[in-house]
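Undergrad: Would you mind keeping the following structure in view while I ask a few things?
The values are calculated or read from the model by the stated rules, or taken from the named source; none is laboratory data. If you're wondering where the values come from, they're calculated on a predicted model, not measured in any experiment. Cβ sites come from the backbone with ideal geometry, for glycine too, and all protein chains shown count toward neighbours. All accessible areas refer to the heavy atoms of the entire protein, side chains included, with ligands and DNA or RNA removed. Shrake-Rupley method; radii C 1.70, N 1.55, O 1.52, S 1.80 Å.
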Amino acid sequence: MSNAPRYMYRSWWKITGILLLIYTFTAGLLGSVPKLPLLQETIRNLYFHVCMWFGMMILFTVSVVQAILYLRKMDRKHDLASRHYAGTGILFGLLGYSTGSIWAAYTWADPNVPFAESFSTIARDPKLIGAAISLLVYFAYLVLRDSIADIDRRARISAVYNIFAYVILFPAIWILPRVLESLHPGQDGNPALDVKNDISPSMRMVFYPAVIGWTLLGVWISTIRIRIELLNEQKRTT
Amino acid sequence: MIRAIWTLFKKDLLLEIRQQYSFYGILLYIFSTLFVLYLSLESPEPQVWNGLFWVIQLFICINAVAKGFMQESRGRWLYYYTLAHPITMVLAKLLFNTLLMAIMSLISLILFRLFLGSPFSDGFRFLGIVLLGGCSLSLVFSFLSAVAAKAQQNAAILAILGFPIILPQLILLLQISAGQFNEQPTDTTVSIALMLGLDGLVILLTTILFPFLWKE
């Protein structure tokens, strides 16, 4: 019970993540980007905003896989992992939402109007609706979790809700942009953007490492929280 | 299996007929909500009508479906455990809740038509959409009420758990029904197929996940 999985103690992937992020920041802020009307230099936000969403989706997927593993094996470790990967996913989602809506306020809306004024029109965009829905679902997951006192019951019920929410949510988010109009790149039912056609080759060279770097950072944060939780539990039992 | 579902369904129906207070309670809820709406706005625009109609459906659904699993006491759960397979149990509940919600949707549509007018052009078509929407809502909320009941929580948590999950379907429904307000109803085959697909997904997930909730 006390021992976390081995990979959590390894340092090679943490160092890789940090190196990739250093590369992201230097190449992302100094490298050349295509000058597009409207977007101009804000296009560099791609390395941060879009990576947050990729990271969030990956972390939520890890969380649901851990929930399935919990229901199969009934091992508390999977439950803790599921909870903390979801928590870091929410953090990434919040960052993605804020970086995205500020970006949108300067590109979709009139940049001279304060952000707070134009937010209500931006938030109606299907991509932002989808993002808000997924954050609400995972907040509900945390509320449900904390409302149950019994540890095993809590683990089981929140795993069930996690799986149900994930499986309903992701097709729905994929469907929504098909039926509603959007300003966001990646039209025609694509959930975020078409990496192959929307991003120039030089930007892709930064974008892919950035996604991996941010995701590794997310995994690192989650594993630290899982390890803290395991140590606390160990302290309580001894 | 089918017979077991049918028996459990009849049990729920019988319970409902014997204890009619909850049925009339929901009816009264529909009527009073509508009366409040009727007094607060006269002849709403189609868009407002649409939004109000589906939001009211959502609240009716929570009230109608919530008690499906919550009325069962812990002892009775254990008793059922000895009698029935969890999948038959949950399918019977889904069937019953869907029927209940279909009746409630029908009643609220009639009341909406009487009090707030009808922006839609083809009544029967719209009725079909309302029934489809009611069934979709009841399927999702049936499963979530099982989750809430097992978490020993009240109906308040049902709203927290359910609203974000139901939102995509609700947006689809709003879209489909808004298409019925023109003289020439827009083609909604794709959206309706998507709704049916999501319903199928919900049923599938419910049958897979309910046995895990059922275990103590």
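Undergrad: Please list, ordered by first then second residue, the pairs with beta carbon atoms under 7 Å, 6 or more apart or interchain, first in segment A:198-220 and in contact (Cβ under 8 Å) with a residue 60 or more places away in the chain, second of a type in the set (Gly, Ala, Ser) and open to solvent by 30 Å² or more (accessible area, probe 1.4 Å).
TA: Final answer for the pair search is A:202/A:32.
Undergrad: Continuing with the same structure: Does residue B:200 satisfy the criteria of being surrounded by 16 or more Cβ atoms within 10 Å (Cβ to Cβ) and either more than 8 Å from every other protein chain (Cβ to nearest Cβ) or modelled with pLDDT of 90 or more (or both)?
TA: No.
Undergrad: Which residue out of A:16, A:24, A:61, A:99 is crowded, with 20+ Cβ neighbours inside 10 Å, within 28 Å of residue A:205 (Cβ to Cβ) and modelled with pLDDT of 80 or more?
TA: A:24
Undergrad: Can you tell me which of A:125, A:110, A:75 is more than 25 Å from residue A:58 (Cβ to Cβ) and of a type in the set (Asp, Glu)?
TA: Checking each option against the conditions leaves just A:110.
Undergrad: Continuing with this model, one more query. Would you kindly identify the helices (runs of 4 or more DSSP H) lying entirely within segment B:121-216 that contain at least 2 residues that are under 26 Å from residue B:82 (Cα atoms)?
TA: B:123-150, B:189-214
Residue-by-condition table, conditions (1) touching a Leu at 6+ places or on another chain (Cβ under 7 Å); (2) within 14 Å of another protein chain (Cβ to nearest Cβ); (3) over 18 Å from residue B:173 (Cβ atoms); (4) open to solvent by less than 30 Å² (accessible area, probe 1.4 Å):
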position	(1), (2), (3), (4)
B:105	yes, no, no, yes
B:121	no, no, no, no
B:130	yes, no, no, yes
B:133	yes, no, no, yes
B:139	yes, yes, no, yes
B:142	yes, yes, no, yes
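Undergrad: Still on this structure: Of all residues in segment A:117-169, which are at the interface with chain B (Cβ under 7 Å from one of its Cβ atoms), open to solvent by less than 50 Å² (accessible area, probe 1.4 Å) and more than 18 Å from the chain's Cα centre (by Cα)?
TA: Once the filter is applied, which keeps residues that are at the interface with chain B (Cβ under 7 Å from one of its Cβ atoms), open to solvent by less than 50 Å² (accessible area, probe 1.4 Å) and more than 18 Å from the chain's Cα centre (by Cα), segment A:117-169 yields A:144, A:147, A:148, A:156, A:157, A:160, A:161, A:164.
Undergrad: Yes or no: residue B:110 modelled with pLDDT of 90 or more and either among the β-branched types (Val, Ile, Thr) or touching a Phe, Trp or Tyr at 6+ places or on another chain (Cβ under 9 Å) (or both)?
TA: yes
Undergrad: Could you pull out the residue among B:78, B:8, B:91 that is under 22 Å from residue B:105 (Cα atoms) and part of a helix (DSSP H, G or I)?
TA: B:91
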